[in-house]
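Here, each number is a calculation from the coordinates, and none is a lab measurement. This one's a predicted model, so the numbers in the text were calculated from it and none came from an experiment. No Cβ is skipped: glycine too gets one built from the backbone with ideal geometry, and neighbour counts run over all protein chains shown.
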Amino acid sequence: MIHHTSLLLLSAIASASAQDFLDPLLITATRSGKNQSLPYSVANITEEVMRQQARRTLPEALQYTPGVLVQKTAHGHGSPFIRGFTGRQNLLLVDGVRLNNSTWRSGPVQYWNTVDTHSIDHIELVKSQGSVLYGSDAIGGTLNAFTKSSNFMDETEGAFFNHGAASYEFTSNGQGSHVGRIESSFGVGGKYGLHFGITQKDFGDIEDSAVGTMRGTGYGEQAYDLRFDMKISQDTQLTFASQYVNQDDISRWHRTLQNPGWTHGNHIAAPGTWVANNYDQERSLTYLRVEQQIADKNSWLDRWSATVSYQKSADSEMQDRRNNPAAPFTTANFLQYQNAEVETFGVDLALESTIGPGHLVYGFDYYNDDVASDAFRNTGAGLVFRPASRPVADDATYDLLGLYGQYTWSPASRWEISGGTRFTYARAEWGAYRPTGGLADISGDNSWTDLSASLRASYEINDDWLAYASASQSFRSPNLADLTGNAASANGLDGHGSPNVDPEKFLTLELGARGKPHTDVQLQAAVFHTFSIDGAISSYVVGPDTFVVNGDDSSLYGIEAEAIWSIDENWSATAFAAWQEGKNDISQRTPTERWIPRMLPFTASTALRYTSTDEKWWIEGRLSGAVDADRVHPLDQASDSQRIPTNGTPGYLVASLGAGYEPVENLKLTATLQNLTDDDYRIHGSGQNEPGFGAVVGVRYVW
């Protein structure tokens, strides 16, 4: 076990990848380009930072963000826990378009890993934002991934431009991994620009010093992204974007016979029991947006944007639940396929107006899901249609409509206050749902309304310090997975939805500050407390199954701190630390009160970086660690023993070393040595250990 004091000492040393705390991101936190004193806890991570830190996936890009636990059920899956919430209780956006749909199940989901980080310019994370600006699901956090563009407005006015980049990255661990990317942009400066990119990934099986090679953890991925931007008038711009990601044969390794189990001191994780459990995933997004910045000072409207989007996702899961490849199929040892396809149509209108002494952001958004699903099972008589095993109800639709407004003004010198509300209407309808034990499909529908609010205030103590406080409500209407879902969870338990589950609503209180105690030092810290107003949606175990229910009470609180120290013109250091604690209460369980699953243990990271005076090369060392994640109820551990060892997940302390060199202006080389001491460790709640020692080398050429 790593003691709190040891990690605090490490945190006193400190990564040049952190943002400027006094000049944080603006767009996602406010839906506005206005320069406001943000009363939010935010993080901004650029493409360059992700590349230098060898971040493999979108969830992994958040690994050095305080308050975030990057859980990975599989090497190809990742579901960040943001302030204790994950999956459908966090909101994922791409260029402001919501990716969450009505089939996202409870607990960790795999969909965050379907955003290709190589297509992303930067990401913005706003913690505990609440539901006013972006609607349902934004409980733990809202992450907005901004895609790459041609940046045609930065080019010489009226001149043709053409530039691009090619990159390759190799990871040595296990069977090795290869990632290649080529992208190109062209257009006429100030008039239009087209950006296009293709990414090919081949991830090999990973290995560590305890388990060895984790057979089946590798997978393949193909992706493309396209974006066209055009200035259609002096103050109006049109954007058309399309992206596609395909992933094949992603194994939930922890459930399979390839998993031999893991022993680390008195922490023992159980071996897998199935022959195989593989996922194929496809996701596409296309949108068209028109936005205008109005120059007329007398206009009632300052800015507006309208977006129409279409998305399609297809998920296929294969479960070979035999415990021996040669064993015959039976009713207890069977082969099962589950498939779900979702088509989502969305429309979003956002407006900004100066009214009185303040600024109003307002508008509406609407998303419609059209869902088809099926399932087949072989218990010895060949594959037969199995309606009771559909991942969600077939022939289903889900509508989500929101109307919102948020007003920001300065009532006195150094003060800024914002208050907002959102009205939400949600409706689910399904035509073919087969409950467990049912003999025929049934149809059904339900609808819900909600009014959520938020109130935030910031105060500039002086030119170097800002303090803020907020109270924000978050709302999540039950989705089709809550209502009609059927998915394997934990050690392979069958998880079932409930058509009668009610919405969940939370309130988050937060106090924070950021500033410069010294010219060369920046600090930011926040404390928060999130608790349920209406029963949080959760699951409880009954024999070999889990069922979705509304809990009676839920409460989680925590503290986060981050620092940057610019030691001199060459040396810089960063550090962060975070801790959380919370419990939920479900009257259907015994005992009713338990620790919240997969809660972030005390975690810290620190880095020291040297950059040459000519900025041609840099080198950075990092230490990251966590204490034992032992706040786990024994019954919860027993039902998820392949992922969570006895006595909880052991603590760890790992070191890495990275470097970069730019031998010529257009060529960048990077190298990272990961897990220098080859320790065997696991991020709490994950389905496999993290890779042992390995090198990641990359090359990027731009023209």
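In this label model, residue 376 and residue 166 are separated by 4.2 nm, measuring between points 7 Å along each Cα→Cβ vector. Taken along the Cα-to-beta-carbon direction at a fixed 7 Å, the label points for residue 159 and residue 263 span 6.8 nm. Subtracting the Cα-Cα distance of residue 583 and residue 121 from 0.36 nm times their residue separation leaves 162.6 nm of extension gain. On the beta carbon distance between residue 233 and residue 306, with R0 = 22 Å, the FRET formula returns roughly 0.90. The calculated FRET efficiency for the pair residue 366 and residue 593, based on their C-beta separation and a Förster distance of 35 Å, comes to about 0.35.
Looking at the chain, the DSSP beta bridges with both ends there are about 95 percent antiparallel.
Relative to the globular-protein estimate of 2.2 N^0.38 Å, the Cα radius of gyration of the range 518-646 stands at 1.49.
Averaging Cα coordinates gives a centre for the range 435-506 and one for the range 38-84; these two points are 22 Å apart. Please report, to one decimal in angstroms, the Kirkwood hydrodynamic radius of the range 281-381 built from all distinct Cα-Cα pairs. Mean inverse Cα-Cα distance, inverted, gives 17.9 Å. Charged side chains reduced to their Cβ positions (Lys and Arg at +1, Asp and Glu at -1) give the chain a dipole of some 780 debye around its Cα centre. At full extension, residue 182 and residue 151 could sit 9.4 nm farther apart than now, given 0.36 nm per residue minus the alpha carbon distance. Once the mean of 1/r is taken over each pair of separate Cα atoms and inverted, the range 179-298 shows a Kirkwood hydrodynamic radius of 18.4 Å. Computed on the Cα trace of the range 434-509, the radius of gyration divided by the Kirkwood hydrodynamic radius gives Rg/Rh = 1.27. For a modelled paramagnetic label at residue 447, 7 Å from Cα along Cα-to-Cβ, the residues of the range 371-404 in reach, with backbone nitrogen under 19 Å, are 371, 396-404. For the range 4-702, how many pairs of lysine residues have a Cα-Cα distance under 25 Å, where the two are 8 or more positions apart or belong to different chains? The number of close lysine pairs in the range 4-702 is 27.
The value for the range 348-493 of Rg(Cα) / (2.2 N^0.38 Å) is 1.59.
Tell me, in nm to one decimal, what length is gained between residue 399 and residue 610 on full extension, where the rule is 0.36 nm per residue of separation less the Cα-Cα distance?
Once the chain is fully extended between residue 399 and residue 610, it gains 70.8 nm.
Tell me, what ³J(HN,Hα) does each residue in the range 550-555 have, in order and in whole Hz, if you take phi through Karplus 6.51 cos²θ - 1.76 cosθ + 1.60 with θ = phi - 60° and put x for Gly and Pro? Calculated HN-Hα couplings, in order: 8, x, 8, 7, 8, 8 Hz. Place a point 7 Å from the Cα of residue 280 along the Cα-to-Cβ direction; which residues of the range 211-238 have their backbone N under 14 Å from it? Under cut-off, by backbone N: 220-222. The alpha carbons of the range 241-320 stretch over 70, 31, 13 Å along the principal axes, in descending order.
Here is how the number arises for the chain: DSSP H runs of 4 or more residues each give -39500 (n - 2.57), the sum is divided by the residue count, and the result at 222 nm is -1000 deg cm²/dmol. Among residues other than residue 330 whose Cβ falls under 12 Å from its Cβ, what is the net charge (Lys/Arg +1, Asp/Glu -1)? With Lys, Arg at +1 and Asp, Glu at -1, the neighbours total +3. Over the range 412-562, the hull volume per residue, using the convex hull of the C-alpha atoms, is 140 Å³. Distance between the pseudo-spin-label points of residue 702 and residue 570 (7 Å out from Cα toward the beta carbon): 2.5 nm.
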